[in-house]
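Okay, structure first, notes after.
Bear in mind that the values in this text are calculations on the coordinates, not laboratory data. Just so it is clear, the model here is predicted, and its values are computed rather than measured. Note: ideal-geometry Cβ built from the backbone for every residue, glycine included; neighbour counts use all protein chains shown.
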Amino acid sequence: MTGEPFGSRLHFIPRAIRPLQGALVRVCRRYFERAPGWVLLTTTGRRSGLPREVLLPCERTGDALYAISTYGRRSDWIRNIARDPRVRVTCAGWVLEARAEIVDELERKRALVSAHPFFPAAPFGVLNLLHRTVLRPLCVPFLRWWVSNRPVVVIRPS
């Protein structure tokens with residue numbers, strides 16, 4: 001792994017807007033529970049032991065979800081998973097108990113994002129279609145670079 005991503009230095013931003021994001025999730029919860037490309041991930045707080053919920057962009061496949069930590073290992077949800085990999089996911093109208101695995105091995109991360117490239121889904125079908133078709137050849141090399149110093153998380157039902 002090649003050090004922390006630049007974004008990890010900006011981790012104070014999501015911490016500062018946490019109340020705003022929480023309010024947005026509460027107001028739009030029904031949308032995010034079912035929206036393609038998004039997951040509500042509930043981890044167990046590493047210090048408090050309380051449930052902690054975060055909204056994440058993800059890629060869904062038949063047997064797993066894939067998420068990338070923008071802020072590297074500084075993300076609270078990554079730290080919580082490192083302490084306790086048992087999680088609960090809410091997506092596509094389902095709530096499932098699952099197990100999360102943090103992948104740090106560079107070649108495995110690149111293989112995962114090459115096989116399952118994704119960007120946060122927009123509420124516009126045309127943009128999602130473009131990402132998955134025309135823009136895919138551009139997305140894959142970018143994602144292979146993006147994950148070079150960020151963990152990829154694989155979440156599978158338990």
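Numbers below:
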quantity: The chain, dipole about Cα centre (Lys/Arg Cβ +1, Asp/Glu Cβ -1), debye to the nearest 20; calculated: 360
quantity: Extension gain, residue 126 back to residue 20 (0.36 nm per residue minus Cα-Cα distance, nm); calculated: 35.4 nm
quantity: Kirkwood hydrodynamic radius of the chain, Cα pairs, Å; calculated: 16.1
quantity: Protection proxy ranking of 15-22, 73-80 - average other beta-carbon atoms within 10 Å, highest first; calculated: 73-80, 15-22
quantity: Among 49, 91, 135 the positive-end extreme of the charge dipole of the range 6-157 (Cβ point charges); calculated: 49
quantity: Around residue 144: net Lys/Arg minus Asp/Glu count, Cβ-Cβ under 9 Å; calculated: +2
quantity: Sequence ranges 133-141, 104-112, 58-66, ranked by mean other-Cβ count within 10 angstrom, highest first; calculated: 58-66, 104-112, 133-141
quantity: Built amide H within the under 5 Å cut-off of residue 92, gap 5+; calculated: 34, 35
quantity: The chain: calculated mean residue ellipticity at 222 nm from DSSP helix runs of at least 4, using -39500 (n - 2.57); calculated: -10000 deg cm²/dmol
